[in-house]
1. Of [x] 34, 24, 18; [y] 31, 27, 17; [z] 53, 29, 18, which one was derived for semi-axes √(5λ) of the Cα gyration tensor in Å from the structure shown?
2. Using only Cα atoms and rounding to the nearest 10 degrees, what angle (0 to 90) does helix 137-155 make with the longest principal axis of the chain?
3. Angle between the Cα long axis of helix 163-185 and the longest principal axis of the chain, 0 to 90 degrees, nearest 10?
4. Relative to the Cα centre, what is the charge dipole magnitude of the stretch 1-114, using +1 at the beta carbon of each Lys and Arg, -1 at the beta carbon of each Asp and Glu, and rounding to the nearest 20 debye?
5. Give the accessible surface of the chain per residue, rounded to a whole number of Å², with probe radius 1.4 Å and ligands, DNA and RNA excluded.
6. To check you understand DSSP bridge types, tell me what percent of the beta bridges within the chain (both residues inside) are antiparallel, rounded to 5.
7. Using mean Cβ contacts within 10 Å as the protection proxy, how do 237-250, 136-149 order, highest first?
8. When the accessible area of the chain is split by element with a 1.4 Å probe, what percent falls to carbon and sulfur?
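The values are calculated or read from the model by the stated rules, or taken from the named source; none is laboratory data. Note that this is a predicted model, so its numbers are computed, not measured. Positions of Cβ are generated from backbone atoms using ideal geometry, with glycine treated the same way; all protein chains shown enter the neighbour counts. Please note that ligands, DNA and RNA were not included when accessible areas were found on the heavy atoms of the full protein model with its side chains. Shrake-Rupley method; radii C 1.70, N 1.55, O 1.52, S 1.80 Å.
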Amino acid sequence: MKAKIQTLRPLLFKTEHINNPDNDLLDDNHIDHFFIHSLKDESVDLKLPLPPHRKTVNDFVFVQKGEMERTINLETFHLKAGDFLLVPKNSITTTTLVSQDLQGYFCHFSNEFLAGKTSLKMWNTHANSENLLSFQKEQIEILEPLLTRILFLYKNRRENPSNYSLIPFYLAAFIAEISVLLQNQTRNSSFYHPVLTEFKEKLQQNFKQIRSVQDYAALLYISPNHLNKIIKKETGKSASVIINETCILEAKVLLTQTTLDIGEIAAELGFEDRSYFSRFFKKHAQISPVNYRKMIALS
């Protein structure tokens, strides 16, 4: 277990956690922004189990055969044929299982790669569990040709350099199709309120430094009362509850997946001292950070 969770750009990930980094498919100057491969046809030899790491790109995996196990923050997903998992940028993730007969697709891409061609906000505002889809045959028939085309363009990018400029358009079309499926899967048939979307984006960027509803309202150029009203209507929770839940989740990930001591975790999360962090954690998690770590170690 690493002492601290690393933030890994794809290029660094390739160097440290892939046994065959010189594979032709991986040999690309653009890998920090885009990569795709077939889990059946191309060999990307991972050094499993992967250590927990924070991602700088979005990714998805679509399993057509076999099994795969991935963890996002504190949630573990056991993927089987027909399953599709979207992992947003800045997630803490690891892969612990890849079966020998695994088939499907893996793709990662940066926000910059799409350059505004489609919205990723829905991915970033959903709970991780809502980013897991199980495709039916008719859905696969729509989506797989897009993946096949993207993979073809990527594999032939050297022979036809213009291919690279086409990929974002096909990827945007693919994500648009996925977004419709995600929208239909949620309990609320409409997209999240734009204020909630912006709030969650600001929260992910700033929760280690900012834990005040007033400060987030100021970032969004609205009043705290208006912010709370919208958040409560959309989620059933107040803005302060969501702020605290985000901080507690990060603390639990650090307690579970690193060897940092309590004081170091407090500092990592922007708390002035260990005792204040411990009181905050116990108030919102109903258990002290020390006892939480012991409980996880025994489970």
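1. Derived directly from the coordinates: [x].
2. Tilt of helix 137-155: around 70 degrees.
3. 50
4. On the way: 12 positive and 16 negative charges, 112 e Å.
It comes to approximately 540 debye.
5. Numbers: 14930 Å² over 299 residues.
Normalised by residue count, the accessible surface of the chain is 50 Å².
6. Working: 32 of 35 bridges.
Antiparallel bridges: around 90 percent, rounded to the nearest 5.
7. Numbers: 237-250: 17.6, 136-149: 13.8.
Ranking, from highest mean packing down: 237-250, 136-149.
8. Values: 7600 of 14930 Å².
Here it works out to 51 percent.
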